[in-house]
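The values are calculated or read from the model by the stated rules, or taken from the named source; none is laboratory data. These figures come from a predicted structure and were not determined experimentally. In this analysis, Cβ positions are derived from the backbone assuming ideal geometry, glycine residues included, and neighbour counts consider all displayed protein chains. What goes into the accessible areas is simple: the full protein's heavy atoms, side chains included, and nothing from ligands, DNA or RNA. Shrake-Rupley method; radii C 1.70, N 1.55, O 1.52, S 1.80 Å.
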Amino acid sequence: MTPLLVVASESNSLFALFQGVVLGLVQGITEFLPISSTAHLIIFTDVFGWQNQWKKEAIDAIQFGSVIAVLMYFWKDIRNILSGALGAFARKEWYREDWKIFIGIVFGTVPALAGGLMLKELGVKLESATLIAVMSIVMSLLLALAEKVGSRKRGFDELEVKDGILVGLGQMIALLPGASRSGSTLTTGLFLGLRRETAARFSFLLGLPTLAIATLVQTKDVLQDGSMGMPLLFGIISAFVFSYLSIAWLLKFLQRQSTWVFVWYRLALGITLLAAIATQVLKA
């Protein structure tokens, strides 16, 4: 290999690492805010022309950093729920709060997992800027309605099995790009009368199994391409750092503020995308 080709190869490798860090930052910031990480990542790669290297599977694999962030941030909650559920099962204490939350998460995970696996098996591709724009607007309206009609009276210690099932069904909406996993589950939680911070915390915990399983499947597929190993690692580390910060910020924010800022952001995003499609700045 000539010196010129060596320099070009090293430059491309460094740029791929830079892309990984940037996409990890976008993933980390948007995964847990109710604004759709998938939408932002797809749009980001399209606008900057990175979609040839960072295909949908590689983008999804970056979410592994977000999985680790949730596990670390909520480790005490996860440990308490698991140990409490095991204790309740051993003593047949079905009324225990930990048992109800655990069963709710289990049942709530099934719909989205089943739907995601079905789409994967059928080879259905849903990534389109038009769908992202429409879903962004639809979810902004649903979140606004949830803010208006939700009672926001119930705390984490008042969760029931039915909450897990209903929030899990709500999570199925996130199979559509632009809907947002955290956005759909948070919105459903608000409709069920949960406090904002409780709805967010429960949505993170309920979404963890689905996010983890889907991410592991995609990571396995991406790692078959040896050239993506280091860029993906940089992306995962970046996603972990910014996901952890995003979770901490959102939970504190929702203790004091409403979700209206996200309603207006999603509405503006959807309208902007439709305008970009109409003027052919983005492909439909």
- Message: How high is the relative contact order of region 130-258? Use alpha-carbon pairs under 8 Å, at least six apart in sequence, and give a whole percent.
- Response: 26
- Item | Unsatisfied cross-links (Cα-Cα over 31 Å) in the set LYS92/LYS162; LYS220/LYS283; LYS55/LYS100; LYS120/LYS162 | LYS55/LYS100
- Note on the structure: If every Lys and Arg gets +1 and every Asp and Glu gets -1 at its Cβ, then about the Cα centre region 136-185 yields a dipole, in debye to the nearest 20, of 140
- Item | Over region 42-159, relative contact order from alpha-carbon pairs under 8 Å, at least 6 apart, % | 20
- Taking the chain as a Gaussian network, where each spring joins two C-alpha atoms under 10 Å apart, which residue of ALA90, ALA214, ALA129 fluctuates the most? ALA90
- Build a GNM of the chain with springs between Cα atoms under 10 Å: which of SER180, SER243, SER258 gets the top mean-square fluctuation? SER258
- Query: Where does each of GLU127, GLU121, GLU31 land when they are ordered by accessible area, with a 1.4 Å probe and the largest first?
  - Reply: GLU121, GLU127, GLU31
- Task: Find the relative contact order for the chain and round it to a whole percent, using C-alpha pairs within less than 8 Å whose residues are 6+ positions apart.
- Result: 36
- Cα gyration tensor category, rounded, prolate or oblate, for region 110-161 with a/c compared to 1.5: oblate
- Message: If R₀ is 51 angstrom, what is the calculated FRET efficiency for the pair PHE89 and THR279, using the beta carbon separation as r and rounding to 0.05?
- Response: 0.30
- Positive-end residue, the chain charge dipole about Cα centroid, Cβ charges, pick of THR130, LEU232, SER151: SER151
- Query: Using a 1.4 Å probe, what is the accessible area per residue for region 61-207, in Å²?
  - Reply: 45
- Message: Give me, ordered by chain and number, the residues 5 or more places off ARG152 or on other chains with an amide H under 5 Å from its own placed amide H.
- Response: GLY193, LEU194
- Task: Please label the shape of region 193-254 as rounded, prolate or oblate, based on the square roots a ≥ b ≥ c of the eigenvalues of the alpha-carbon gyration tensor (a/c under 1.5 means rounded; beyond that, a/b larger than b/c means prolate, else oblate).
- Result: oblate
- Ranking LEU205, THR259, GLY193 by how far each Cα lies towards the positive end of the charge dipole of region 178-265 (+1 on Lys and Arg Cβ, -1 on Asp and Glu Cβ), the top one is GLY193
- Task: Please work out the C-alpha center-to-center distance from region 28-80 to region 123-162 and express it in whole Å.
- Result: 18
- Message: Considering the Cα positions of region 164-284, please state its Rg to one decimal place and its Dmax as a whole number of Å.
- Response: 16.9, 48
- Query: HN-Hα J couplings of region 188-204 from phi, Karplus 6.51/-1.76/1.60, θ = phi - 60°, integer Hz, Gly and Pro as x?
  - Reply: 4, x, 5, 4, 7, x, 7, 5, 4, 5, 5, 4, 5, 4, 5, 5, 5
- Message: For the chain, what does the helix formula give at 222 nm: sum of -39500 (n - 2.57) over DSSP H segments with n ≥ 4, over the residue count, nearest 500 deg cm²/dmol?
- Response: -26000 deg cm²/dmol
- Return the FRET efficiency for the residue pair ASN52, LYS148: r is the Cβ-Cβ distance, R0 is 35 Å, and the value is rounded to the nearest 0.05. 0.20
